[in-house]
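Peer 1: Below is the structure I would like to discuss, written out as structure tokens.
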Amino acid sequence: MNRPQAPEGGGRLPIVVAILAVLAGLSCRRAPHFVRGDAAAVVVVQRPRDAGGPPPAAEREPNNTPAQAQELAWAGTPAAAAVKGNIDRTDAGKAADVDFFKFVVPGQRMAVASDAGQAGDRLVAAKRLSVVINPEAGLALAVDLLDETLRLVKTVAAGPGETVGLPNMAVLPGCTYYLRARAAPAPANKSGHAAVDAGAPAGSSYHMTLLLLDFDVSDEREPNDRLESAGELSWQGRSALASGLHGWRRDEDWYRLSLDAVEPGWVLNLDLEGVDEVAASLTVNDSAGRKIVAVRGRKGEKLTLRNLVLPSVAGDAGAAAAGGRWWYLVVRAESGLDREHRYVLRAEAVLREARGGFETEPNDDAAHASALVEGTTTGYLSVGDVDVFRYLAAEPRELDIEVSPPSRVRVKVEVVRERDGQVLAEAAAAKARQTVRISGFSAPVESILVRLSQGKHDGNASEPYLLKVASRPLRRDAGGRD
């Protein structure tokens, strides 16, 4: 693993740009490219075969069990298969049919699916399976991917008439897999009982297309929806990069990032480039899966976390037990989905500034308060976020505190005495982007907290606020505070 290095001279191409250039040149069939508009950059996945594909084969009944599964044949480049199926119904109109299909991934088999010893090598050799099922209007479908031992790999469901997709599943050459198409569970009503059958009689047929593609070097590989299946986020110099898809509602992607190569005194910056139709969140968990800090944005919004203070092995029980340090970065689609545009997750190790300048995360309570010094400090207030700073004067001082928030944030500033939590001064904005000030505050010679919060549902994960602090000796006629 490469150790993060400080940038050197010589006019070399920045490492992130270099990685993106490699990504763009890896596949002539599916070359990602950046499109920049009002929102952050996104990556368009060009897959011209997704919409068409080979002529569909007709479903052959009976195929209600794995033993009866209909085998799908690959054709063309990239390899593709398609089938036209139907969910049969009972006399009462309920969709009771289940359709099984199986396929073998072309290529040399490396190891059996249960062999954990070569898991890393198998992931490198894995092919990218994209499954898209377009149902007839009124038909709500669920699709399950199972491995050759009939272990459930992933299941996804959608509403009536909605496309169901598994856009980036990792499948192994030489191995057999099963796809099971069935009616989606009916949504529950307010009483908790099942509502009308989700696959209403208005529709019963569907068209399923499969594609086998190559993974790019930084692509996520599904399933990666929990700590145990997290993908590796590898360092390239001082940066690490991954790209993925919000393939279904509430899609959650886990990435494991080693911290062992990061020098003492450095901090971590994270950016998640937004996708227009998806409101995403980014969570940082420690090596045991406990949440450290999280940020959530609106649709298409870029998410930013700055100055994340890295743990020592001694302070991280999970890391100490395993002989290393790492964090888990979790990207989640809070609302919406997009199977065509990739998000891009970047991590960068930077040298921590000696005199503040930026909030350190996590800092949402007194136990994790960022140090506050005079001058200007920058930070972010995402939806639901609170930032807490600690100030300690060596002598009685008079403070001027000013906060300039970004758009969509009505900021509130409180000065709190740390020893008893008493609020000594506060000010709040009446509207978004309004600057608030606390002027001439008599600061005692003890620890005080400056707490920044915001109005309900406010938040901006991509534009920073500015916190300015200035002090002067306390005037002799100034009254003290208890």
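Throughout, read-outs are computed from the coordinates displayed, never taken from laboratory work. Computed from a prediction, not measured in an experiment: that's the story for all the values here. Positions of Cβ are backbone-derived with ideal geometry, glycine not excepted, and every protein chain shown enters the neighbour counts.
Peer 1: So what J values fall out for the range 62-67 if you push phi through Karplus, 6.51 cos²θ - 1.76 cosθ + 1.60 with θ = phi - 60°, rounded to Hz, Gly and Pro as x?
Peer 2: x, 9, 8, 9, x, 5
Peer 1: Pop the C-beta distance of LEU392 and SER312 into the FRET formula with R0 = 25 Å and round what comes out to the nearest 0.05.
Peer 2: Values: r = 24 Å, r/R0 = 0.95.
The pair LEU392/SER312 has a calculated efficiency of 0.60.
Peer 1: Same structure again: Just tell me which aspartates and glutamates come within less than 16 Å, Cα to Cα, of LYS431; anything on the same chain fewer than 8 places away is out.
Peer 2: By straight Cα distance, LYS431 reaches GLU402, ASP458.
Peer 1: Counting other beta carbons within 10 Å of each residue's own, what order do PHE215, PHE101 fall into, fewest first?
Peer 2: Details: PHE215 19, PHE101 22.
Placing the least packed residue first, the sequence is PHE215, PHE101.
Peer 1: Tabulate in residue order the Karplus-calculated ³J(HN,Hα) for the range 98-105, using 6.51 cos²θ - 1.76 cosθ + 1.60 with θ = phi - 60°, rounded to whole Hz; enter x for Gly and Pro.
Peer 2: 10, 10, 9, 10, 10, 8, 10, 6
Peer 1: Just subtract the alpha-carbon distance of VAL217 and THR378 from 0.36 nm times their residue separation and send over the number in nm, one decimal. Before the final figure, lay out each step's value.
Peer 2: Working: separation 161, 0.36 × 161 = 57.96 nm, distance 3.40 nm.
Going from the current span to full extension adds 54.6 nm.
Peer 1: For LYS102, give me every one of the lysines with a C-alpha distance below 17 angstrom, ignoring sequence neighbours fewer than eight places off in its own chain.
Peer 2: LYS84, LYS127, LYS154
Peer 1: Once the other residues with Cβ under 14 Å from the Cβ of ARG437 are scored (Lys, Arg +1; Asp, Glu -1), what is the net sum?
Peer 2: On the way: positive: LYS412, LYS468; negative: GLU398, ASP400, GLU402, GLU414, GLU426.
After counting each charged neighbour, the total is -3.
Peer 1: Still on this model: Can you tell me the length gained on complete extension of the stretch SER234 to ARG151, counting 0.36 nm per residue apart and subtracting the Cα distance?
Peer 2: Working: separation 83, 0.36 × 83 = 29.88 nm, distance 2.89 nm.
Length gained, SER234 through ARG151: 27.0 nm.
Peer 1: How big is the range 356-482 in terms of Cα radius of gyration and Dmax, in angstroms?
Peer 2: My reading of the Cα-based Rg and Dmax gives 13.9, 44 Å.
Peer 1: Could you name the aspartates and glutamates in cross-link range of LYS456, using Cα to Cα under 17 Å and dropping any fewer than eight places away on the same chain?
Peer 2: Straight-line reach from LYS456, under 17 Å: ASP364, ASP385, ASP387, GLU414.
Peer 1: At 7 Å along the Cα-to-beta-carbon direction for both ALA288 and ARG226, put a label point, then send me their distance in nm to one decimal.
Peer 2: Distance between the two pseudo-spin positions: 1.9 nm.
Peer 1: Rank the residues HIS368, HIS246 as a footprinting-exposure proxy: fewest other Cβ atoms within 10 Å of their Cβ go first.
Peer 2: Working: HIS368 15, HIS246 27.
Arranged by neighbour count, lowest to highest, HIS368, HIS246 become HIS368, HIS246.
Peer 1: What FRET efficiency do you get for ALA137 and GLU61 if R0 is 22 Å and r is their Cβ-Cβ distance, rounded to the nearest 0.05?
Peer 2: Numbers: r = 23 Å, r/R0 = 1.04.
After rounding to 0.05, the efficiency reads 0.45.
Peer 1: For GLU277, GLU220, which order do you get if you count the other beta carbons within 10 Å of each Cβ and list the fewest first? All intermediate terms of the calculation are to be shown ahead of the outcome.
Peer 2: Details: GLU277 15, GLU220 26.
Taking fewest neighbouring Cβ atoms as first place, the list is GLU277, GLU220.
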